[in-house]
Structures are given as C-alpha cells and as structure tokens.
1. Of the conditions (1) touching a Lys or Arg at 6+ places or on another chain (Cβ under 6 Å); (2) farther than 30 Å from Leu30 by Cβ, Ala55 fails just one. Which one is it?
2. Could you please find all residues in the range 104-127 being outside any loop (DSSP other than H, G, I, E, B) and farther than 16 Å from Met1 by Cβ?
3. For the range 2-33, give me each residue that is polar (S, T, N, Q) and part of a strand (DSSP E or B).
4. Give the number of residues within the range 64-114 that are farther than 30 Å from Gly40 by Cα and among the basic types (Lys, Arg).
5. Exactly one of these conditions fails for Leu42: (1) part of a helix (DSSP H, G or I); (2) buried (at least 17 other Cβ atoms within 10 Å of the Cβ). Give me its number.
6. Can you report the number of residues in the range 89-116 which are over 11 Å from Val51 (Cβ atoms), among the hydrophobic types (A, V, I, L, M, F, W, C) and modelled with pLDDT under 95?
7. Can you confirm whether Ala101 is within 22 Å of Asn6 (Cα to Cα), touching a Leu at 6+ places or on another chain (Cβ under 6 Å) and not in a helix (DSSP H, G or I)?
8. Hey, can you tell me all the residues within the range 8-45 that are closer than 30 Å to Asp90 by Cα, without any contact (Cβ under 8 Å) to a residue 60 or more places away in the chain and either among the small types (Gly, Ala, Ser) or in contact with a Cys (Cβ under 7 Å, 6 or more places away or on another chain) (or both)?
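The values are calculated or read from the model by the stated rules, or taken from the named source; none is laboratory data. No experiment lies behind these values; they were computed from the predicted model shown. Neighbour counts are summed over all protein chains in view; Cβ atoms, including those assigned to glycine, are modelled from backbone coordinates with ideal geometry.
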Amino acid sequence: MAYLNNQSLTIKLISGTSNVDVIANVDVSLSQLERFLVSGGLNLKMKCKLVGSDAGANGPDDDLYLFPAKTIIKDDVVTFSAIMSKSVLDEDSIGNDEVYANFCLISGDPIFPLSISVNSPEISGDF
C-alpha cells in the first residue's frame, strides 16, 4: 500500500498585498504492486484541499480551497501551490483561523480501489 509522509503546509503573506502564497507538500511512496499497475495504465491521482479546522460549537471543518488534482506515476514529492486572497482562509468570524491541508491519493479504477488520506499540521493565523 502507498505511503504518504512528510506532509507540510506553508502560508506566507505577500508584502504590500492582501494575498498569501500557499504551498502544500507530501511525499508519495508507492508499493511495488502499485508501481507495476501504474506502468500498466492505472490512474492514480493526488488531491489536496485546504480545510478550516473547527471544533465544538463552531461546527464541522470547512473546505476552503481545492487545488487541481495531480497524476501520480512514481514515488515523488508532490507540491500544490497557489496565490490567493487571505480572505479565502478566513474561516472563523472572530479570532485566529486554523488551516490544514488534506491530501488524498485515489485510484480512478474500480478494479483497484484506493483512497489514502493524511493531513498536514495546522497553521494558525488571523487571515
């Protein structure tokens, strides 16, 4: 089974703007079987979304941004990046916002179903 490791998220304010540069990374390690199946045409995709973390009375976590999916053909560090308005990450009405990246490796083939998901550590800030 594939492994997803070293997941990370960085959010940097772009000076003089109300925008942020967001970079999310994850290491993908495929099993020998998965590498063989990919070489034979298995379609593996890595999805990544930014999620606002909520707890208790704030309700469930909020999906904030979905990056375009990437095709996985080998072991690799997969990077998702975007420049966006920091208001996209403003998921709490008051106080700091807590944001994390959710990575999900999926197979598009029902013969080899695969769905592996991991989260990056949370980043807290006043977005």
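1. Status for Ala55: all satisfied but (1).
2. Asn119, Ile123, Ser124, Gly125
3. Asn5, Asn6, Gln7, Ser8, Thr10, Asn19, Asn25, Ser29
4. 1
5. Unmet for Leu42, out of (1) part of a helix (DSSP H, G or I); (2) buried (at least 17 other Cβ atoms within 10 Å of the Cβ): (1).
6. Result for the range 89-116: 4.
7. Answer is yes for this residue.
8. Residues satisfying the conditions are Ser15, Gly16.
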